Amino acid sequence: MSTNSRLHSILFNKCPRCQQGDFFVTNSAFSRNFDKMHEHCPHCGENFMPEPGFYWASMFVSYAFYTIYSLITFAIVVKWLAIDLDYFLVGLVPTLILLTPYFFRLARRTWLSIFISPRPNRVHLPEGGI
Ligand SMILES: [Zn+2]
């Protein structure tokens, strides 16, 4: 996978601009500080908080991920493996709860990547430092 792509930054916790700096403080979605973000990219200084409430809309991106995950698991479990729908529903809810931190982080990175195009060679540090 090219490191100069939006998909790379979304999947690997990287800055959507330079593809080098980390987006979240920790690389694991299942750690205590899974929701802690850098305010600026530690490598290029890109602002990760463009405006107050910017990430409010990422909730809808997260909803799309939940829906896609549910439909894919439904197709595999109920249609392909022919397991009863009740077992699928009982298993679906805990997995959705367990995947909440992962989808939270994925949705925020996706939402910011929509608005920032990748420029891996650009290094811009804001005035006054990071
Ligand atoms: Zn960066």
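The values are calculated or read from the model by the stated rules, or taken from the named source; none is laboratory data. Nothing here was measured: the structure is a model prediction, and the numbers come from that model. Positions of Cβ are generated from backbone atoms using ideal geometry, with glycine treated the same way; all protein chains shown enter the neighbour counts.
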Condition (residue is out of contact with any strand residue (DSSP E or B) (no Cβ under 6 Å at 6 or more places or on another chain), within 14 Å of the ligand (Cβ to nearest atom) and not in a loop (DSSP other than H, G, I, E, B)) applied to segment 55-67: is it met by at least one residue?
no
Expected output for segment 37-58 (first residue under 15 Å from PHE115 (Cα atoms), partner away from the ligand (no atom under 16 Å from the Cβ) and of a type in the set (Lys, Arg), Cβ below 9 Å, 6+ apart or cross-chain) is none
Close pairs (7 angstrom Cβ cut-off, 6 or more residues apart or separate chains): of a type in the set (A, V, I, L, M) in segment 2-28, part of a loop (DSSP other than H, G, I, E, B) and within 14 Å of the ligand (Cβ to nearest atom) anywhere
VAL25/HIS38
If you scan segment 23-36, which residues turn out to be in contact with a strand residue (DSSP E or B) (Cβ under 9 Å, 6 or more places away or on another chain), at pLDDT below 95 and surrounded by 15 or more Cβ atoms within 10 Å (Cβ to Cβ)?
PHE34
Of (1) surrounded by 15 or more Cβ atoms within 10 Å (Cβ to Cβ); (2) not in a helix (DSSP H, G or I), LEU92 satisfies all except one. Which?
(2)
Residues of segment 95-121 satisfying the condition of being at pLDDT below 95, more than 17 Å from PRO50 (Cβ to Cβ) and exposed (fewer than 13 other Cβ atoms within 10 Å of the Cβ)
ASN121
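Which of the residues spanning segment 44-54 are surrounded by fewer than 18 Cβ atoms within 10 Å (Cβ to Cβ), of a type outside the set (Gly, Ala, Ser) and either part of a loop (DSSP other than H, G, I, E, B) or away from the ligand (no atom under 16 Å from the Cβ) (or both)? Full working, then the answer.
First, the residues of segment 44-54 that are surrounded by fewer than 18 Cβ atoms within 10 Å (Cβ to Cβ): 47, 49-54.
Within this subset, residues satisfying the condition of being of a type outside the set (Gly, Ala, Ser) are 47, 49-52, 54.
Scanning segment 44-54 gives MET49, PRO50, GLU51, PRO52, PHE54.
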Single condition GLN19 does not satisfy, out of (1) farther than 30 Å from VAL93 by Cβ; (2) not in a loop (DSSP other than H, G, I, E, B):
(2)
Reported set for segment 7-43 where residues are within 13 Å of the ligand (Cβ to nearest atom), touching a Pro at 6+ places or on another chain (Cβ under 7 Å) and of a type outside the set (Gly, Ala, Ser) is PRO16, ARG17, CYS18, GLN19, ASP22, HIS40
